[in-house]
Amino acid sequence: MLGLFLLPLFAVFVRSINSEFFNYAFSKQALDALKLSLATSTITTVCAILLGTPLAYVLANWKLKYKSWLELLIDLPIVLPPSVAGLALLIAFGRRGLFGSYLNLIGISLPFTTVAVIMAQMFVAAPLYIRSARVGFTGIDKQLEEAANVEGANRWQMFREVMLPLTGKTLLSGAILTWTRALGEFGATILFAGNLEGVTQTMPMAIYLGFERNLGVALALSVMLVIVSVSLLALTRRLEKPDHD
Amino acid sequence: MKRFASLILLLVLFVAGCAPASTPAPEPVTLNVFAAASLTDAFTEIGNNFQTANPNVTVTFNFAGSQALRTQIEEGAPADVFASASGKEMEALVTGSFVAPESSQVFLNNKLVVILPANNPAGIDSIEDLANAGIKIVFAAEEVPVGRYSREALDKMSGMYGSDFKDKVLANVVSNEDNVKQVVAKVQLGEADAGIVYTSDAIAAPELVTIEIPTDINVVAKYPIAPLVESANAELAHAFIAYVLSDEGQAILQK
């Protein structure tokens, strides 16, 4: 089992080590893809935090009808094959899509744009953050909230002084998970956003096409992506460790 | 296990019973054919016919961009036959000793054609219109044979429509898809206003509007086919290639 996990990674590193590695890793195509990947996945993560935190808070604290169904639907993209996600996005927001055709009327066309890349990443990655945040908020002792209420705290103070300190780490590790998932997003992106260097060609896309043109570039990019992902995961693990102070 | 074995025995007896008494039932074999994505429709039909003629054979296809197939073969994927959309990928495999020198044969000439969605939203009436500002064109990536040919054709077109024609068209490209079928799909969905594909792909998608590219500015793709050196079914691989080259096979490819 471990061999299955580790040998492929090992092979990528071994095969990528050659005199051309830095030429490949710093080629214009590779750097464009790296920049685009970092920019889009960061925007995705920021949007996920800004929009997902209130949503998670509401899900954790309000009594809503059909709440469990809503939660299920929000979790769905986590397990959905990315190709389904890409197709669904295209059918919904494409130029002739169910909603995209209306956007098209006012001159907005989403497919093949950087916005489409971010939408695809949001679709598949933001649920990871929302899920962590929801679990975090649910875990807060209700007595603490009542105590804060008695003290006369308003909603914002409650959120800032009680919720955030207690759930900060959970939120952060959720955000990192979203970020790494967004960084690796491929299937939904290639269907919905297409592939154009500097506009929609993210790292996974460049790796896929590199597989067809230049294995060297693909390997160099893979190594970079593995290193970034490992660092981010290591950070999450540190955050998940319980405090002792 | 016992039950399974007896089932197999029964099956074998049954098959043997059906076969003419003089010839023993041939062993079932699988023929792995790696073929360019643009061959999907024609080769699927050819494969079915070949299976009908050779009931013990199962033809398994791997359709993808020729360059992807080439990499897969170089990395050890088990293929018996390789049908490429370009000589370049075949030559690379000959260089790498995956294909015997001079064993490949051209079995198909495929021209390029411009495709448009059924309702032609961008109002494209001629090849020259591809340079109109603001239209959305989808090409195959330069790594894919059809993408390379499309760009070669653009070079030729620039000779006819003005030296900046190619740059103007390339500025309209919104995506470089990883195989020709993806180009067809994006135009079919109406996400792109135009694309360049092989004539065979346009024929397979009759609802699309096509604009013929005149011969002097077109590019003809020569498709080579060859058996792989490592093939475990060399005889069968040759038989399959012979069928592709036969009148019957050629008729299917011309459809």
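The values are calculated or read from the model by the stated rules, or taken from the named source; none is laboratory data. From a predicted model like this one, the values you see are computed outputs, not experimental measurements. Because the Cβ atoms are built from the backbone with ideal geometry, glycine has one as well, and the counts that use them run over all protein chains shown.
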Of (1) at pLDDT below 90; (2) not in a loop (DSSP other than H, G, I, E, B), residue B:45 satisfies every one except (1)
Reported set for segment A:2-34 where residues are closer than 17 Å to residue A:209 by Cα and part of a helix (DSSP H, G or I) is A:12, A:16, A:24, A:25, A:28, A:29, A:30, A:31, A:32, A:33, A:34
- Query: Out of curiosity, is residue A:38 loosely packed, with under 13 Cβ neighbours inside 10 Å and assigned to a helix (DSSP H, G or I)?
  - Reply: no
Requiring at least 3 residues that are within 14 Å of another protein chain (Cβ to nearest Cβ), the helices (runs of 4 or more DSSP H) wholly within segment A:131-215 are A:187-192, A:203-213
Scanning segment B:79-105 residue by residue, those closer than 20 Å to residue B:178 by Cβ, not aliphatic (A, V, I, L, M) and not in a loop (DSSP other than H, G, I, E, B) turn out to be B:82, B:88, B:89
If we ask which residues in segment B:219-249 are closer than 30 Å to residue B:151 by Cβ, out of contact with any Phe, Trp or Tyr (no Cβ under 7 Å at 6 or more places or on another chain) and surrounded by fewer than 22 Cβ atoms within 10 Å (Cβ to Cβ), their number turns out to be 2
Taking segment A:88-123 and keeping residues within 11 Å of chain B (Cβ to nearest Cβ), buried (at least 17 other Cβ atoms within 10 Å of the Cβ) and part of a helix (DSSP H, G or I) leaves A:90, A:93, A:100, A:104, A:116
How many residues of segment A:61-87 are within 24 Å of residue A:110 (Cβ to Cβ) and either surrounded by 14 or more Cβ atoms within 10 Å (Cβ to Cβ) or modelled with pLDDT of 90 or more (or both)? The answer is 12
The residue from B:109, B:119 that alone is within 11 Å of chain A (Cβ to nearest Cβ), more than 19 Å from residue A:194 (Cβ to Cβ), surrounded by fewer than 22 Cβ atoms within 10 Å (Cβ to Cβ) and in contact with a strand residue (DSSP E or B) (Cβ under 9 Å, 6 or more places away or on another chain) is B:119
Residues of segment B:190-209 being free of Cβ contacts under 8 Å to residues at least 60 places away in the same chain and within 14 Å of chain A (Cβ to nearest Cβ), in sequence order, are B:191
Quiz item: Quick check: anything in segment B:107-128 of a type in the set (D, E, K, R), outside any helix (DSSP H, G or I) and under 25 Å from residue B:66 (Cα atoms)?
Solution: yes
